[in-house]
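The values are calculated or read from the model by the stated rules, or taken from the named source; none is laboratory data. Not measured: the values here are computed from a predicted model. A quick note on method: Cβ atoms are made from the backbone with ideal geometry, for glycine too, and the neighbour counts reach across all protein chains shown. These accessible areas exclude ligands, DNA and RNA; they are computed on the full protein's heavy atoms, side chains included. Shrake-Rupley method; radii C 1.70, N 1.55, O 1.52, S 1.80 Å.
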Amino acid sequence: MRANNVLGIIHSQAFDSTIQELTTMRTFASVPFGCRYRFVDFPLSNMVNAGVTEVGIITKENYQSLMDHIGSGKPWDLARKREGLYILPPYNTSSASAAGYKNRVEAIYANMDFLRHSRHEYVVITDSNAVYNFDFNDLFEFHTEQEADITVAYKHGKLPKLENMQILTLDDNKRVTDVSINADEPGEVDYSFNIYVMRKSLLEYLVKTSVAHSSTSFAKDIIQANVDSLKIVGFEIPGFAAMIDSLKTYYNVSMELLEPENRKALLNAKNPIATKIADNVPTLYGENSKAGNSLIADGCTIEGTVENSLLFRGVVVEKGAVVRNSILMQGTVIHANAKVDSIITDKNVTITANRNLSGDPSYPIYFTKNIVV
Amino acid sequence: MARKNECIAMLLAGGQGSRLGILTHKIAKPAVPFGGKYRIIDFPLSNCVNSGIYTVGVLTQYQPLELNDYVGNGEPWDLDRTDGGVHILSPYQQIQGTDWYKGTANAIYQNIHFIDKYDPEYVVVLSGDHIYKMDYADMLAFHKNQEAACTIAMREVEWKEASRFGLMLVNDDSTISEFEEKPENPRSNKASMGIYIFTWSKLREYLIADENDPASSNDFGHNVIPAMHEAGEKMVAYQFDGYWRDVGTIESLWEANMDILSPVSGINLNDPHWKIYARSPSAAPQFISDKAEVGNSMVTEGCSVEGKVDFSVLFPNATVEEGANVKYSIIMPGAVVKKGAVVQYAIVAENAVIEENAKVGAGPDVTDPDDWGVAVIGENITIGKGAVVPPSVMVNENVEEGTKYESK
C-alpha cells in the first residue's frame with residue numbers, strides 16, 4: 001500500500017480534559033509545544049512527509065484556535081484543489097448520536113460521508129496529544145507485509161495515565177493476542193499509541209456495527225473485541241515518541257527536547273515538522289544577555305538570563321530578569337529583574353518587574369493566558 | 001483585461017551586483033541573504049504590500065533561477081492574488097527576435113503591455129538592492145498632490161559622500177531644477193534613492209521615445225529622467241528621512257547587517273505594523289547550549305550555538321560549535337563554524353564550512369587600516385583545519401588544512 005492511497009484522520013481533542021489548564025480555550029491539537037509548534041503539527045507532518053495527500057481533522061468544540069493555526073493547510077502543502085486538508089466540525093445530522101459525539105467512534109460515525117467520499121482505500125487514524133517523528137511508510141509497509149486487518153502503532157514504556165489506554169500482548173510475530181484496558185500496571189508495558197491503520201471499508205463497517213450495538217468505545221469495541229476475529233498487529237514506533245497525559249508530562253517532555261539526541265529524532269531537517277509561518281524577526285540577544293541550554297523561537301528579545309528553558313515566539317526577557325527551568329509561551333514578557341523558576345506561562349502572560357516566582361521542576365506553576373502577575 | 005489598478009510597482013531585479021563579488025556569482029543581487037532570515041528583495045516587496053500595492057512586476061535577467069524560486073507565487077508576501085499579485089518578468093522572444101533588457105528603462109519598455117493590462121494611473125519603479133522601510137502610499141499622495149509627472153525619493157547625504165550619488169538641485173516647492181550624476185564638486189547633498197513614481201501616461205510616452213533613440217543607453221537615470229526634465233515635465237523630489245541603505249557592496253552589506261543589531265540605527269525589523277515578510281524554511285527552534293555566550297546578536301530558527309557569538313547575524317541552520325568565536329560577522333544559511341575556529345569581520349556564505357581552529361578575518365585594529373576589510377567566504381567553500389584567511393579577501397576555492405590563503 002502506498003501513502004497516496006491512505007486517508008489521514010486526526011482526532012483533535014481526545015483527552016482534552018487531561019490538561020485542563022491548556023485546553024480550556026483550545027483543543028489539544030492546538031496546544032503549543034516545542035517553542036513554535038502545536039500538537040497537531042506532529043501527526044499532520046508525519047502523514048505529509050510520508051506522502052499522504054488527504055487529511056481530515058475531526059473537531060467538536062473550541063476549535064477556533066485550531067482553524068486559525070491550520071488555515072488553508074498551506075504550511076503542510078495541503079492547500080490543494082484535489083484533496084488536501086479538511087477541518088471536520090460537528091454538524092447537525094438527523095442522527096442523534098452524530099450531533100454531540102462523545103468518543104472516537106461516534107466522531108468517525110458523524111463524519112462517515114467524508115470517509116465515503118474519499119477515493120483512498122486505507123485510513124491512518126491518530127490523536128493529537130503526542131509527539132513523534134517516524135516514517136509512516138514503514139508503518140504502512142508493515143501493515144501490508146503482515147497482511148494485517150488492523151495495525152496498531154505502540155510504544156514500550158510506562159503507561160500514560162489516560163482513559164481507555166490499551167496494554168497490548170504481542171506474540172513473536174507481532175500479532176496482538178490480548179488487549180487489557182484501564183489496567184493498573186505500574187511497570188513498563190507495550191501500549192497502544194492510538195495510531196491505527198486499516199482498510200477504510202473495514203473502519204466503516206466496524207464503526208457502523210459499533211453504533212448499531214450502542215457500544216462505541218474504540219478501544220473496547222473496535223480493538224479489544226476483535227482480537228480473535230481480526231488480525232491485529234503491533235508496530236513499534238521508532239525514535240522519540242511521547243504521549244502527554246498531564247501538565248507534568250507536558251513539562252517533562254518539553255524539557256527532554258533540550259537533549260540533542262531527542263531533538264535530532266523529533267525535529268530534524270530530513271523530516272521537518274511543519275507549522276504555521278508567523279513572520280517573526282530573528283531573535284535578538286542584547287548586550288547583557290546570558291542564554292544557556294535553551295530552545296528559543298524567533299521573535300524573542302533577550303536582555304536577561306535564560307537557562308534550561310523553552311521560549312516560544314515573541315517572548316521578551318528584560319534586563320536583569322532571570323528565567324530558569326521554564327516554558328514561556330508566545331508573547332510572554334518577563335520584566336526587568338523579575339526572577340522565575342519552573343513555571344509555565346500561557347500566551348501573553350506578563351510578569352511585572354522584580355517579581356520572584358518559582359515552582360519546582362516536579363510541580364511547575366502554570367499561569368493562564370493573558371494574565372498580568 | 002485585468003481589473004484597473006490605480007498604482008502598480010515594477011521592481012528592477014535584473015542587475016548582477018558585481019560589486020558583491022562571489023556572493024552574486026550564482027544568484028542575483030536581490031536574492032542575497034540579509035538580516036538573519038531575509039533576502040534583499042523582501043524589503044521592497046514587503047514595502048509594496050504594506051503600502052497597499054498588490055500588483056508587482058519583478059524584472060529579472062541575471063541568474064534568475066534562485067530569485068524566481070524564492071519569489072515563487074508570492075505567497076509569503078500575500079502577493080498570490082487572483083487580481084494582480086507578483087509576476088516575474090524575464091526577457092522573452094518576440095517576432096522581431098530576442099532582446100535582453102538593455103537597460104533599466106528598456107526593461108520597463110519591454111513590459112509595457114504587462115503594465116497596460118492593469119491600466120494604472122501611476123507606476124512605482126523600485127530597485128532590488130536597498131534596505132529600508134517606506135510607505136509608498138505617502139509618496140504617491142505627494143506625487144498626486146504635486147500633479148507631477150515624476151516623483152523621485154530623495155535624502156540628504158553627508159557632503160563628503162555626496163559625489164558618489166546621483167544628486168538633485170531642489171527648489172523650495174520641491175520641484176527639481178537640475179540633476180547631477182556623481183559630480184566631482186557637488187552643489188547639492190540631496191541624493192536620489194532610486195525610487196520613482198511616474199504618471200504612467202507620461203512615462204509610457206518617454207519610454208517609447210527613448211527606445212526609438214539609437215544613441216540612448218536606455219537607462220532611467222541617464223536617459224529617461226533627463227529627457228523628461230529637458231522637455232519641461234514636472235519633476236519633484238520627495239524627501240525621505242528614515243533608514244535607507246544601498247547594499248551594493250560588501251562593506252555596505254556588512255554594515256547594514258550590523259545596523260539591524262543596533263537599537264539606534266533607525267531600522268527596526270520587529271515592528272508588527274510594518275512586518276518584513278520572507279519565505280522561511282521550516283526549521284527547529286534555535287538551540288543555545290550551556291557553553292554558549294551570545295550577545296548583541298541575531299539568531300534564528302535552526303541555528304545551534306555552543307560557542308561565543310558577539311555582534312553577529314546568524315541565518316537559519318547556521319552552527320557555531322563549542323569553543324568557536326564569531327564576532328562582527330554574518331553567517332549565512334547552513335554555514336558551520338567548527339570547534340575553536342575564530343571568525344571575525346567576515347561574511348560566511350551559504351553552507352560554507354570553517355573547520356576546527358581555522359581563523360577567518362581580523363579586526364580593524366590588528367592590521368594596516370588600508371588593507372583592512374571584511375573577509376568573504378563563498379558558498380559551499382571549506383576552510384581547512386587551522387587555515388588562516390586574512391581580512392579583506394574573497395575566498396572562492398577551498399583552503400587546505402594549515403595553510404594561509406593568499407589572494408591572487
task: May I ask you to list pairs of residues, at least six apart or on different chains, whose Cβ atoms are under 6 Å apart, with the first in segment A:220-247 being open to solvent by less than 10 Å² (accessible area, probe 1.4 Å) and the second being charged (D, E, K, R) and not in a strand (DSSP E or B)?
output: A:V233/A:K174; A:G234/A:K174
- request: Could you tell me whether any residue of segment A:156-164 is under 16 Å from A:D245 (Cβ atoms) and among the polar types (S, T, N, Q)?
  value: yes
- line: Checked segment A:171-182 for anything within 15 Å of A:D149 (Cβ to Cβ) and open to solvent by 10 Å² or more (accessible area, probe 1.4 Å); matches are A:N173, A:K174, A:R175, A:T177
task: Report whether or not B:E306 is within 12 Å of chain A (Cβ to nearest Cβ), acidic (D, E) and either open to solvent by less than 60 Å² (accessible area, probe 1.4 Å) or in contact (Cβ under 8 Å) with a residue 12 or more places away in the chain (or both).
output: yes
Residues of segment A:24-77 satisfying the condition of being within 14 Å of chain B (Cβ to nearest Cβ), buried (at least 23 other Cβ atoms within 10 Å of the Cβ) and in a loop (DSSP other than H, G, I, E, B): A:G34, A:C35, A:R36
- request: Just name the residue that is most open to solvent (accessible area, probe 1.4 Å) out of those in segment A:256-286 that are basic (K, R) and more than 7 Å from chain B (Cβ to nearest Cβ).
  value: A:K270
query: Which of (1) touching a Lys or Arg at 6+ places or on another chain (Cβ under 7 Å); (2) over 19 Å from B:H130 (Cα atoms) does B:G52 not meet, given it meets every other one?
result: (1)
field: Any hit, segment B:129-142, residues being in contact (Cβ under 8 Å) with a residue 24 or more places away in the chain, of a type in the set (K, R) and touching a strand residue (DSSP E or B) at 6+ places or on another chain (Cβ under 8 Å)
entry: no
- prompt: Checking A:A219 against (1) modelled with pLDDT of 95 or more; (2) within 20 Å of the chain's Cα centre (by Cα), which single condition isn't satisfied?
  reply: (1)
- prompt: Only one residue in B:A362, B:A352 is touching a Phe, Trp or Tyr at 6+ places or on another chain (Cβ under 7 Å), of a type in the set (G, A, S), closer than 18 Å to B:I331 by Cβ and buried (at least 17 other Cβ atoms within 10 Å of the Cβ), so which one is that?
  reply: B:A362
- prompt: When segment B:38-70 is examined, which residues are found to be without any contact (Cβ under 8 Å) to a residue 40 or more places away in the chain and of a type in the set (A, V, I, L, M, F, W, C)?
  reply: B:L65
message: Any residue at all in segment B:73-84 that's touching a Phe, Trp or Tyr at 6+ places or on another chain (Cβ under 6 Å) and buried (at least 22 other Cβ atoms within 10 Å of the Cβ)?
response: yes
task: Determine if segment B:137-144 includes at least one residue that is open to solvent by less than 70 Å² (accessible area, probe 1.4 Å) and within 19 Å of the chain's Cα centre (by Cα).
output: no
query: How about segment B:376-402: which of its residues are buried (at least 20 other Cβ atoms within 10 Å of the Cβ), within 15 Å of B:K338 (Cβ to Cβ) and in contact with a Gly (Cβ under 7 Å, 6 or more places away or on another chain)?
result: B:A387, B:V389, B:V399
Selection count where residues are away from chain A (no Cβ under 14 Å) and touching a helix residue (DSSP H, G or I) at 6+ places or on another chain (Cβ under 9 Å), scope segment B:69-82: 3
task: Report, by residue number, each residue of segment B:262-280 that is under 11 Å from A:D279 (Cα atoms), more than 8 Å from chain A (Cβ to nearest Cβ) and without any contact (Cβ under 8 Å) to a residue 60 or more places away in the chain.
output: B:P272
query: How do the pairs read when you match residues in segment B:194-217 that are under 20 Å from B:K4 (Cα atoms) with residues anywhere that are of a type in the set (F, W, Y), using Cβ under 7 Å and keeping only pairs 6 or more apart or on different chains?
result: B:I197/B:Y122; B:F198/B:Y122; B:T199/B:Y122; B:W200/B:Y122
task: Please verify whether segment A:159-167 includes one or more residues that are closer than 24 Å to A:T27 by Cβ and surrounded by fewer than 18 Cβ atoms within 10 Å (Cβ to Cβ).
output: yes
- line: Pairing a residue in segment A:53-70 that is within 22 Å of A:H117 (Cβ to Cβ) and assigned by TED's automatic domain parsing to the domain that holds A:I108 with any residue that is surrounded by fewer than 24 Cβ atoms within 10 Å (Cβ to Cβ) and of a type in the set (D, E, K, R), where Cβ atoms lie under 7 Å and the two sit 6 or more apart in sequence or on different chains, gives A:T53/A:E83; A:E54/A:E83
statement: Output for Cβ contacts, cut-off 8 Å, separation at least six or different chains, first residue under 27 Å from B:I53 (Cα atoms) in segment B:85-100, second in a loop (DSSP other than H, G, I, E, B) and open to solvent by 80 Å² or more (accessible area, probe 1.4 Å), reads B:G85/B:Y54; B:P91/B:W100
field: Residues (touching a strand residue (DSSP E or B) at 6+ places or on another chain (Cβ under 6 Å) and within 17 Å of A:D221 (Cα to Cα)) located in segment A:170-190
entry: A:V176, A:T177, A:D178, A:V179, A:S180, A:I181, A:A183
message: Quick check on segment B:111-127. Is at least one of its residues under 20 Å from the mean Cα position of the chain (by Cα), surrounded by 16 or more Cβ atoms within 10 Å (Cβ to Cβ) and farther than 22 Å from B:R204 by Cα?
response: no
Given (1) under 27 Å from B:R279 (Cβ atoms); (2) assigned to a helix (DSSP H, G or I), index of the condition B:N106 fails: (1)
